[in-house]
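I have placed the structure first, in the form of structure tokens, so that the comments after it can refer back to it.
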Amino acid sequence: MDDEIVEVLDADGSTITGLARRSRVWSENLWHRTAYVIVRSSDGAILVHQRALAKTLGAGVWDLGFGGACDVGEDWRDAAERELREETGITTPLRELGPYRWDGAESREVGVLYDAISDGPFVHPSDEVAASRLVPLTSLAAFLGEHAVLDSARALVVPHLR
């Protein structure tokens, strides 16, 4: 996975400046395109997951959505659908919530945020997800206070849940 090629962007995310292996994108914290999906159950709970310990970024940390880098030339919606299928085993309609930009210490991303409704069943590859569970929105604040959660997930997802 670290050897996959992704598009490198300029600082404002509007222009592709080249291609690079994912490992270089991470090690040099280069701007790149990503897609991210919030999964909610039919009663509104959010599907959270603990990232696999083998992940390069955020190993063992909890996440509030599923996603990743877009393949070269891949549309954001297609990337979101692919990532959702790969990381949860589900295919379901997506609703676009809007664009995002994340300028973090470990990752710099320009992307599109989506959400989806599903009650599963969810199937997670062990190299992606260590554990998952549905958290009712009424319990989300407590969950966030008790668990290490990706900063990007807190910043990008939480405002859409309240």
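The values are calculated or read from the model by the stated rules, or taken from the named source; none is laboratory data. Fair warning: this is a prediction, and the values are worked out from it, not measured in the lab. Cβ coordinates were reconstructed from backbone atoms using ideal geometry, including for glycine residues, and neighbour counts include every protein chain displayed. Accessible surface areas use protein heavy atoms only, side chains included; no ligands, DNA or RNA. Shrake-Rupley method; radii C 1.70, N 1.55, O 1.52, S 1.80 Å.
A few points about this structure:
- Taken over the stretch 101-115, the criterion of being in contact with an Asp or Glu (Cβ under 9 Å, 6 or more places away or on another chain) and within 12 Å of Val37 (Cα to Cα) is satisfied by Val112, Leu113, Tyr114, Asp115.
- Residue satisfying condition, being more than 19 Å from Leu113 (Cα to Cα), open to solvent by 30 Å² or more (accessible area, probe 1.4 Å), more than 15 Å from the chain's Cα centre (by Cα) and touching a residue at least 60 places away in the same chain (Cβ under 8 Å), within set Glu4, Glu28: Glu4
- Where helices (runs of 4 or more DSSP H) fall wholly inside the stretch 57-162, the ranges with 3 or more residues that are surrounded by fewer than 17 Cβ atoms within 10 Å (Cβ to Cβ) and touching a residue at least 60 places away in the same chain (Cβ under 8 Å) are 151-161.
- Qualifying position, being of a type in the set (S, T, N, Q) and under 14 Å from the mean Cα position of the chain (by Cα), among Ser107, Ser126, Ser118: Ser107
- All conditions in (1) modelled with pLDDT of 95 or more; (2) in contact with a helix residue (DSSP H, G or I) (Cβ under 9 Å, 6 or more places away or on another chain); (3) in a loop (DSSP other than H, G, I, E, B) hold for Tyr36, with the sole exception of (3).
- The single condition among (1) within 18 Å of the chain's Cα centre (by Cα); (2) farther than 16 Å from Trp102 by Cβ; (3) of a type in the set (D, E, K, R) that Arg33 does not meet is (2).
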